[in-house]
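The values are calculated or read from the model by the stated rules, or taken from the named source; none is laboratory data. From a predicted model like this one, the values you see are computed outputs, not experimental measurements. Quick reminder, even Gly has a Cβ in these numbers, built from the backbone with ideal geometry, and neighbours come from all protein chains shown. Keep in mind that these areas ignore ligands, DNA and RNA; they rest on the heavy atoms of the full protein, side chains included. Shrake-Rupley method; radii C 1.70, N 1.55, O 1.52, S 1.80 Å.
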Amino acid sequence: MIPSNFTYHKATSIQDAIALSKTHGEEAKYMSGGHSLLPMMKLRFASPEHIIDISKIDGLSYIKEDGETLKLGALTTQTEMENSSLIKEKYDIFSDSVKLTADPSVRNLGTIGGNIAHGDAANDQPALMLALRATVIAEGIDGKKSIPIDEFFHGFYMTALDASDVLVEIQIPKAKKGSGGAYHKVERKAGDYATAGVAIHIELDGHGTCQQIGIGLTNVSAVPMRLERGEEILRGQKITEDLIKQVGKIASEDAEPTSDLRGSEAYKRSIVNTITQRMIRLALERAQK
């Protein structure tokens with residue numbers, strides 16, 4: 001389907017983008033790489049009359065550690081994540097996800113901020129951000145705001161961003177010794193939305209006990225989903241095979257998939273069970289290195 005007609009605007013700064021959004025109100029949408037917004041427009045889930053292109057705003061593309069925080073500029077592309085020596089060395093969970101993101105043409109343009117900002121439970125990055133306990137930094141009419149990821153996703157394509165807010169940065173606790181992450185999704189073909197996906201982040205203490213655990217699920221509910229009941233099972237425990245199997249079962253029970261052309265509800269529950277177990281084992285293996 002072809003998107004409905006719209007007027008294109010190119011923002012030259014964050015302040016310019018906010019001013020354009022304020023002028024055009026609810027009829028305007030921001031666009032960075034376009035790989036989240038344009039599919040929504042083709043499906044008529046979104047029909048903005050004005051598109052504000054923020055892709056060329058300087059200073060919003062970076063990957064750096066600052067103190068105890070990993071900071072990702074919102075306009076950082078998936079390709080930049082893929083090629084980052086810092087990501088390759090310390091953040092396996094991002095390397096996992098980028099390899100599964102569509103194809104090079106999409107990774108060259110698609111931004112990490114855009115992947116999160118639309119609140120699409122089928123996108124990969126929301127599950128990673130839930131697992132990593134990220135904080136989203138946005139700038140709007142009233143200045144900058146800091147939004148914990150657990151308060152960011154409000155509903156189907158709904159987030160805590162106000163209409164004029166520009167997502168400018170994602171902040172993640174710096175990788176520690178004894179931490180490890182992993183992500184995988186099942187898809188019918190490269191570039192398709194996930195049938196189901198699971199992101200895991202584990203932090204172990206010096207005795208091998210799980211101090212912190214994050215589990216995010218992709219495309220098995222209307223809203224990006226944290227598997228809280230599974231996290232509670234593992235936190236404070238030495239992770240055993242029996243516990244891993246328990247958490248896989250919990251994932252299959254707590255997920256809320258619907259039957260569609262990618263599979264039945266039962267199939268998706270089975271898939272999320274299997275992937276959850278596999279990713280816990282992989283994240284644990286990486287944390288123990």
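Could you order peptides 213-219, 163-169 by the average number of other Cβ atoms within 10 Å of their residues, highest first?
Working: 213-219: 27.7, 163-169: 21.7.
Ranked from most to least packed, the peptides come out as 213-219, 163-169.
Using only helices, what value at 222 nm comes out for the chain when you add -39,500 (n - 2.57) per DSSP H run of length 4 or more and divide by the total residues, to the nearest 500 deg cm²/dmol?
On the way: 11 runs with 101 residues, N = 289.
Taken over the chain, the calculation gives -10000 deg cm²/dmol.
Sorted by mean Cβ packing within 10 Å, highest first, what order do the peptides 275-281, 146-152, 220-226, 120-126 take? Intermediate values should be presented prior to the final figure.
Values: 275-281: 22.7, 146-152: 15.7, 220-226: 21.0, 120-126: 25.9.
By packing density, highest mean first, the sequence is 120-126, 275-281, 220-226, 146-152.
Leaving out ligands and nucleic acids, note down the accessible area per residue over the chain with a 1.4 angstrom probe, in whole Å². Write out the running numbers ahead of the final one.
Numbers: 13180 Å² over 289 residues.
Accessible area per residue: 46 Å².
Per-residue HN-Hα couplings for the range 75-80, Karplus 6.51 cos²θ - 1.76 cosθ + 1.60 at θ = phi - 60°, whole Hz, x for Gly and Pro?
In residue order, the calculated couplings are 8, 5, 7, 4, 5, 5 Hz.
What do the square roots of 5 times the Cα gyration tensor eigenvalues come to for the range 1-151, in whole Å, largest first, as semi-axes of the equivalent ellipsoid? Please list the in-between numbers first.
Working: eigenvalues 132, 69, 40 Å².
Its equivalent ellipsoid spans semi-axes of 26, 19, 14 Å.
Please report, for the Cα atoms of the chain, the Rg to one decimal and the Dmax as a whole number; what are they, in angstrom?
For the chain, the Cα radius of gyration and maximum Cα-Cα distance read 18.7, 60 Å.
Could you pull out the pairs from Lys145/Lys189; Lys29/Lys245; Lys29/Lys88; Lys145/Lys238; Lys174/Lys268; Lys145/Lys174 whose alpha carbons sit more than 31 Å apart here?
Numbers: Lys145/Lys189 38 Å; Lys29/Lys245 43 Å; Lys29/Lys88 33 Å; Lys145/Lys238 37 Å; Lys174/Lys268 33 Å; Lys145/Lys174 21 Å.
Checking Cα-Cα distances, Lys145/Lys189; Lys29/Lys245; Lys29/Lys88; Lys145/Lys238; Lys174/Lys268 exceed 31 Å.
For the range 66-123 and the range 200-224, what is the separation of their C-alpha centers, rounded to whole Å?
18 Å
To the nearest µm²/s, what D does Stokes-Einstein give for the range 66-128 at 25 °C and 0.890 mPa s, using the Kirkwood radius over alpha carbon pairs as Rh?
Values: Rh = 12.0 Å.
Calculated translational D: 205 µm²/s.
Full extension from Lys64 to Gln211: what is 0.36 nm times the residue separation minus their Cα-Cα distance, to one decimal in nm? Before the final figure, lay out the partial values.
On the way: separation 147, 0.36 × 147 = 52.92 nm, distance 2.48 nm.
Gain in length upon complete extension: 50.4 nm.
Quick one: Kirkwood hydrodynamic radius for the range 157-289, alpha-carbon pairs, angstrom, one decimal?
On the way: mean 1/r = 0.0637 Å⁻¹.
Result for the range 157-289, one decimal place: 15.7 Å.
Check which residues have an amide H placed less than 5 Å from Thr209's amide H, if you skip close sequence neighbours.
Residues meeting the amide H criterion: none.
Determine, for each peptide in 71-78, 54-61, 93-100, the mean count of other beta carbons within 10 angstrom over its residues, then list the peptides with the highest first.
Values: 71-78: 23.4, 54-61: 17.2, 93-100: 21.9.
Packing order, densest peptide first, comes out as 71-78, 93-100, 54-61.
Within the accessible area of the chain, what % is carbon and sulfur when the probe is 1.4 Å and the other protein chains stay in place? Could the numbers behind the result be given before it?
Values: 6370 of 13180 Å².
The computed percentage sits at 48.
How big is the Cα convex hull of the range 124-171 in projection, averaged over all directions, in nm²? Could the numbers behind the result be given before it?
Numbers: hull surface 13.1 nm².
It is 3.3 nm².
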